[in-house]
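> Structure incoming, see below.
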Amino acid sequence: MTYCVGLLLNDGLVFASDSRTNAGVDYVTSFSKLHIFTPAPDRFFVLLSAGNLATTQGVLNRIVRDLEYPSERGSLLTARYLFEAADYIGKVSQETQREHGPALQSSGVSVETTLILGGQIQGQNPGLLLIYPQGNYFEATPETPYLQIGETKYGKPVLDRAVGALTGLEEGARLLLVSLDATSRSNAAVGPPFEVAIYRRDDMKISHHLKLAANDPYLTRLQQRWNEGLCATLHSLPAFDWEAPAELL
């Protein structure tokens, strides 16, 4: 399993993912699930992936091939709008699944992959879209400025409470790390290294890209500060009516 999440903010985009693809008593592997494409100076894309690793790699290979050897079906270089890029990637995903689906499905293995596409084409606003295995997609909005794929339920509550379109990029990155950490604490199939990438509106390039191992000093400090803050908040919650004031005890 995996967990990936993207934020659409007024100032740009923030992306985060874990790197764990298999978890067991004695077998854990890690692969990056955050993929960056800058096919031309006027466009920038990030793709987050969750699902069958072979399908994901097949999709990525075809995207790269279509950039190097253009064909009539187009590429990230020919998309005029971000939704056209999502439509193209959805078709590539469908093609990859059709090619390998029957053999994998006969063995009881899912061939599906779910993707988050974020980026910007010059002259347009940044955008964030979730692409289903079936090839269709939907966009993040100012009212719902984040998208998740993979093991989403444990990291969702903190996003619902804290994220908004006016959230700053660095603050958003810290929030996504908290969401990742909450997920990894409740599900062993999600874990470090954690990747975080920040894109500032109109830059057409990543401004910051971090990869944090489990023992990274910054990640450790962030975890400790969050835990301390939660405990402090718990102790400061209002008392029930039946609890005697401390000064009367």
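> Might you report the magnitude of the Cβ-based charge dipole of region 45-112 about its Cα centre, with Lys and Arg at +1 and Asp and Glu at -1, to the nearest 20 debye?
Numbers: 6 positive and 8 negative charges, 4 e Å.
Dipole of region 45-112, to the nearest 20 debye: 20 debye.
> Let me ask another. What accessible surface, in Å², does a 1.4 Å probe find on Trp226, ignoring ligands, DNA and RNA and rounding to the nearest 10?
100 Å²
> Could I ask something else about it? For the chain, with every protein chain kept in place, what is the accessible area per residue (1.4 Å probe, Å²)?
Working: 13170 Å² over 249 residues.
So the chain comes to 53 Å² accessible per residue, rounded to a whole number.
> May I pose another question? Compute the FRET efficiency between Asn125 and Ala213 as 1/(1 + (r/R0)^6), taking r as their Cβ-Cβ distance and R0 = 35 Å, and round to the nearest 0.05. Present the calculation step by step, with values, prior to reporting the outcome.
Numbers: r = 34 Å, r/R0 = 0.98.
Efficiency computed from Cβ-Cβ geometry: 0.50.
> OK, next. By how many nm would the segment from Glu112 to Lys153 grow when fully extended, if each residue of separation counts as 0.36 nm and the alpha-carbon distance is taken off? Don't skip to the end; give the middle numbers.
Values: separation 41, 0.36 × 41 = 14.76 nm, distance 1.95 nm.
Full-extension gain reported as 12.8 nm.
> Charges only on Cβ, +1 for Lys and Arg, -1 for Asp and Glu: so what's the dipole of the chain about the Cα centre, in debye to the nearest 20?
Values: 20 positive and 27 negative charges, 106 e Å.
Dipole magnitude for the chain comes out near 520 debye.
> Just to make sure I understand: if all protein chains stay in place, what is the order of Glu112, Glu84, Glu151 by accessible area at 1.4 Å, largest first? Don't jump to the answer; show the numbers that get you there.
Working: Glu112 85, Glu84 45, Glu151 20 Å².
Putting Glu112, Glu84, Glu151 in descending order of accessible area: Glu112, Glu84, Glu151.
> Please give the peptides 202-211, 64-73 ranked by average Cβ packing (other Cβ atoms within 10 Å per residue), highest first, as a rough proxy for protection.
202-211, 64-73
> May I ask you to rank Thr56, Thr114 by accessible area, largest first, using a 1.4 Å probe over the protein chains only?
On the way: Thr56 10, Thr114 35 Å².
Putting Thr56, Thr114 in descending order of accessible area: Thr114, Thr56.
> Under a cut-off of 29 Å between alpha-carbon atoms, report the lysines in cross-link reach of Lys205, not counting same-chain residues fewer than 8 places apart.
Reachable lysines: Lys33, Lys91, Lys156.
> While we're on this one: Looking at region 55-144, which chymotrypsin sites (Phe, Trp or Tyr not before Pro) are in a loop (DSSP not H, G, I, E or B) and have at most 11 other Cβ atoms within 10 Å?
Values: sites: Tyr81, Phe83, Tyr88, Tyr137, Phe138; in loops: Tyr81.
Those satisfying the criteria are Tyr81.
> I'd like the accessible area for Arg200: 1.4 Å probe, protein heavy atoms, all chains in place, Å² to the nearest 10.
Taking all protein chains as shown, Arg200 has close to 90 Å².
> Rounded to the nearest percent, how much of the accessible area of the chain (1.4 Å probe, protein heavy atoms only) is carbon and sulfur?
Answer for the chain is 54 percent, counting heavy atoms of protein chains only.
> For the chain, find the longest principal axis of its Cα atoms and tell me its angle to the long axis of helix 53-68, 0 to 90°, nearest 10.
50 degrees
> Between Cys231 and Asn10, what is the spin-label point distance in nm, taking each point 7 Å from the Cα along the Cα→C-beta axis?
3.6 nm
The values are calculated or read from the model by the stated rules, or taken from the named source; none is laboratory data. Because the structure is predicted, anything quoted here is derived from the model rather than measured. When we count neighbours, we look across all protein chains shown, and the Cβ atoms used for this are built from the backbone with ideal geometry, even at glycine. Heavy atoms of the whole protein, side chains included, go into the accessibility calculation; ligands, DNA and RNA do not. Shrake-Rupley method; radii C 1.70, N 1.55, O 1.52, S 1.80 Å.
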